[in-house]
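S.K.: Let me begin by handing over the structure; questions about it come next.
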Amino acid sequence: MQKIAIMGAMPEEVAPILEKLGSYKTTEYAGNKYYEASYKGIEVVVAYSKIGKVFSTLTATTMIEHFGCDRLLFSGVAGAVSPELKVGDLVVATKLSQHDLDITAFGHPYGFVPEGAVFVEADKDMIELSKKVASKMGKSVKEGIIATGDQFVANEERKNWILETFDASALEMEGGSVAVVCNALNVPFFILRSISDAADMDASFSFDEFLESSAIISAEFVMNMVDEI
Ligand SMILES: Nc1ncnc2c(CN3C[C@H](CSc4cnccn4)[C@@H](O)C3)c[nH]c12
């Protein structure tokens with residue numbers, strides 16, 4: 001019996017999902033609330049982790065190890081790195097990295113630690129499925145690399161460094177750690193983000209203005225993915 005984890009980082013990212021579920025059971029565990037429901041006959045567990053790689057690691061691990069989820073989909077917003085991306089555009093992660101993981105002093109590349117990898121690849125089947133969902137919705141979705149770090153990026157210099165170093169399309173603060181958890185626990189994962197800002201000097205104002213609407217765009221797509229899984 002499959003059990004799907006649907007995760008976000010902020011309350012605003014999961015609110016549209018909970019609204020769609022209607023009724024659910026709430027469980028408090030390890031500083032998070034976990035919302036369990038049956039959605040069109042599929043068992044789902046929804047949670048927002050709180051911001052950053054540590055909190056998202058805890059929540060992803062809990063959804064898998066404690067609640068028994070065997071697949072994880074992340075819905076949220078992101079800063080644009082690719083200049084072609086605009087507010088509201090959708091990005092599906094092909095692979096993810098941690099842009100603030102740095103032991104280059106020992107000659108390693110940015111984002112690498114021994115026995116780790118610079119990139120963690122997302123589940124190819126769900127990436128394929130997203131193409132079908134996108135065409136059904138008449139939406140274009142960009143597949144690209146997502147770079148994750150424990151900082152809200154609000155300057156061109158850092159953004160451009162992330163573009164040059166990781167060839168990232170978008171950046172955020174949780175996907176890269178969720179990817180490591182799911183990969184280690186052999187759970188297929190799918191990370192979808194809708195652009196809320198351009199990770200530049202205006203990022204915080206843009207983020208505040210578009211968080212809610214962009215989170216809804218991402219959540220609608222993810223729920224359509226669940227319908228097809
Ligand atoms: N430019 C950017 N850089 C890094 N991450 C992002 C994101 C994605 N999310 C949103 C949120 C920003 S921090 C936050 C937000 N609101 C209040 C407090 N902290 C964090 O969960 C990461 C969107 N734009 C980003």
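The values are calculated or read from the model by the stated rules, or taken from the named source; none is laboratory data. Note that this is a predicted model, so its numbers are computed, not measured. Note: ideal-geometry Cβ built from the backbone for every residue, glycine included; neighbour counts use all protein chains shown.
S.K.: Report, by residue number, each residue of the stretch 42-74 that is more than 13 Å from the ligand (Cβ to nearest atom) and among the small types (Gly, Ala, Ser). Before the answer, list the steps.
M.R.: Of the stretch 42-74, the ones more than 13 Å from the ligand (Cβ to nearest atom) are 42-47, 57-58, 60-73.
Within the stretch 42-74, Ala47, Ala60, Gly68 qualify.
S.K.: Among the residues of the stretch 39-81, which ones are out of contact with any helix residue (DSSP H, G or I) (no Cβ under 7 Å at 6 or more places or on another chain), of a type in the set (Gly, Ala, Ser) and over 17 Å from Ala184 (Cα atoms)?
M.R.: Passing the criteria: Gly41, Gly52, Ala78, Ala80.
S.K.: If you don't mind, there's one more thing I want to ask. Counting only residues that are crowded, with 22+ Cβ neighbours inside 10 Å and more than 23 Å from Glu228 (Cβ to Cβ), how many does the stretch 70-84 have?
M.R.: So the count comes out to 3.
S.K.: Let me ask you something else. Could you grab me the full set of residues in the stretch 1-43 that are aromatic (Phe, Trp, Tyr) and within 14 Å of Val226 (Cα to Cα)?
M.R.: Initially, the stretch 1-43 is screened for residues aromatic (Phe, Trp, Tyr), giving 24, 29, 34-35, 39.
Listed by number, the list holds a single entry, Tyr39.
S.K.: Within the stretch 75-94, count every residue that is in contact (Cβ under 8 Å) with a residue 60 or more places away in the chain, more than 11 Å from the ligand (Cβ to nearest atom) and touching an Asp or Glu at 6+ places or on another chain (Cβ under 7 Å).
M.R.: Of the residues in the stretch 75-94, 2 are in contact (Cβ under 8 Å) with a residue 60 or more places away in the chain, more than 11 Å from the ligand (Cβ to nearest atom) and touching an Asp or Glu at 6+ places or on another chain (Cβ under 7 Å).
S.K.: Of the residues Glu172, Glu156, only one is under 17 Å from Ile6 (Cβ atoms) and either within 16 Å of the ligand (Cβ to nearest atom) or more than 18 Å from the chain's Cα centre (by Cα) (or both); which? Step through it out loud before you land on a result.
M.R.: Working: Glu156 fails: under 17 Å from Ile6 (Cβ atoms).
Of Glu172, Glu156, the one residue that is under 17 Å from Ile6 (Cβ atoms) and either within 16 Å of the ligand (Cβ to nearest atom) or more than 18 Å from the chain's Cα centre (by Cα) (or both) is Glu172.
S.K.: Are any residues in the stretch 175-192 away from the ligand (no atom under 12 Å from the Cβ), part of a helix (DSSP H, G or I) and in contact (Cβ under 8 Å) with a residue 12 or more places away in the chain, and if so, which ones?
M.R.: Ala179, Val180, Val181, Cys182, Asn183
S.K.: Further, regarding this structure: What about Ile229, is it modelled with pLDDT under 95 and farther than 16 Å from Ile64 by Cβ? Walk me through it before giving the result.
M.R.: Values: modelled with pLDDT under 95: yes; farther than 16 Å from Ile64 by Cβ: yes.
Considered against the rule, which asks whether it is modelled with pLDDT under 95 and farther than 16 Å from Ile64 by Cβ, Ile229 comes out as yes.
S.K.: Which condition breaks for Ser130 when tested against (1) assigned to a helix (DSSP H, G or I); (2) within 16 Å of the ligand (Cβ to nearest atom)?
M.R.: Going through the list (1) assigned to a helix (DSSP H, G or I); (2) within 16 Å of the ligand (Cβ to nearest atom), Ser130 breaks only (2).
S.K.: Output yes when any residue across the stretch 50-65 is buried (at least 23 other Cβ atoms within 10 Å of the Cβ), assigned to a strand (DSSP E or B) and of a type outside the set (A, V, I, L, M, F, W, C), and no when none is.
M.R.: No: zero hits.
S.K.: Pairs needed: first member in the stretch 193-210, modelled with pLDDT of 95 or more and near the ligand (Cβ under 8 Å from one of its atoms); second member anywhere, polar (S, T, N, Q) and not in a helix (DSSP H, G or I); C-beta distance under 6 Å; at least 6 residues apart or different chains.
M.R.: Cβ pairs passing all conditions: Phe207/Ser196.
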